[in-house]
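Input: a single structure, listed below in structure tokens.
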Amino acid sequence: MSDSIEPRRVDPWRFAGGFLEKVLSAAIPAQPAWSEIPWTPVTKPLAESRVALLSTAGISMRGDAPFDMELERRRPTRGDPSWRRLRADASAADVEVNHLHIDTGYIERDLNVALPVDRLREFAAAGGVGSLAPSHYSIMGYQGSDPSSLVEESAPAIAEAMRSEEVDLALLAPV
């Protein structure tokens with residue numbers, strides 16, 4: 001058995017169904033082919049791991065710069081590629097959601113729809129994970145035809161922030 005990890009293919013249409021895949025994929029410009037996905041094996045038990053969340057809902061702390069929805073209005077095929085740091089103790093009252101491509105009302109009623117902080121806190125309290133990271137993170141998931149800024153700038157910056165907070169596992173909360 002080899003120590004190398006087999007490359008994995010991500011099927012972006014897995015839950016969409018054939019009809020939606022056909023209609024939507026025809027409307028989306030060709031995406032660059034990523035040579036590999038940087039899967040990293042889990043190296044410590046979950047009950048000892050520090051965990052952070054990463055949401056694609058465009059969530060920011062109240063008082064921080066919101067995600068740029070004007071860019072979305074001017075160019076509906078382009079989302080704000082920047083990222084926001086969210087306090088681990090944030091509640092729905094502490095955050096704003098700025099995203100034109102999703103119904104933010106669900107998130108305003110229950111933050112856990114897009115950032116399952118309460119569930120993660122409960123899991124940590126029950127010993128299921130070692131601890132919560134001091135911060136969670138959010139991006140605007142819809143990047144349209146050009147995800148390069150997100151991939152080349154925001155993703156490495158988020159990864160570095162997580163490294164500095166000694167995060168062992170990041171859980172993606174896509175919307």
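Miscellaneous remarks
- Candidate set: segment 87-131, residues that are outside any loop (DSSP other than H, G, I, E, B), closer than 19 Å to V167 by Cβ and touching a residue at least 12 places away in the same chain (Cβ under 8 Å); chosen: the one nearest to the chain's Cα centre (by Cα): V117
- Hits in segment 51-79 (condition: under 16 Å from L150 (Cα atoms), in contact with a Lys or Arg (Cβ under 8 Å, 6 or more places away or on another chain) and at pLDDT 95 or above): I59
- Hits in segment 75-88 - residues which are in contact with a Leu (Cβ under 9 Å, 6 or more places away or on another chain) and either closer than 25 Å to R121 by Cα or of a type in the set (A, V, I, L, M, F, W, C) (or both): W83, L86, A88
- Odd one out for D110 among (1) among the acidic types (D, E); (2) touching a Lys or Arg at 6+ places or on another chain (Cβ under 8 Å); (3) more than 23 Å from A159 (Cα to Cα): (2)
- Scanning segment 132-146 for residues that are part of a strand (DSSP E or B) and touching a Gly at 6+ places or on another chain (Cβ under 9 Å) yields S138, I139, M140.
- Taken together, the criteria place E48 among residues that are out of contact with any Ser or Thr (no Cβ under 8 Å at 6 or more places or on another chain), surrounded by 10 or more Cβ atoms within 10 Å (Cβ to Cβ), over 22 Å from Y142 (Cβ atoms) and at pLDDT 75 or above.
- Segment 152-175, subset among the hydrophobic types (A, V, I, L, M, F, W, C) and closer than 28 Å to G105 by Cα, residue surrounded by the fewest Cβ atoms within 10 Å (Cβ to Cβ): L172
The values are calculated or read from the model by the stated rules, or taken from the named source; none is laboratory data. The structure displayed is predicted, hence computed values, not measured ones. Here the Cβ is made from the backbone with ideal geometry for all residues, glycine too, and neighbour counts use every protein chain on show.
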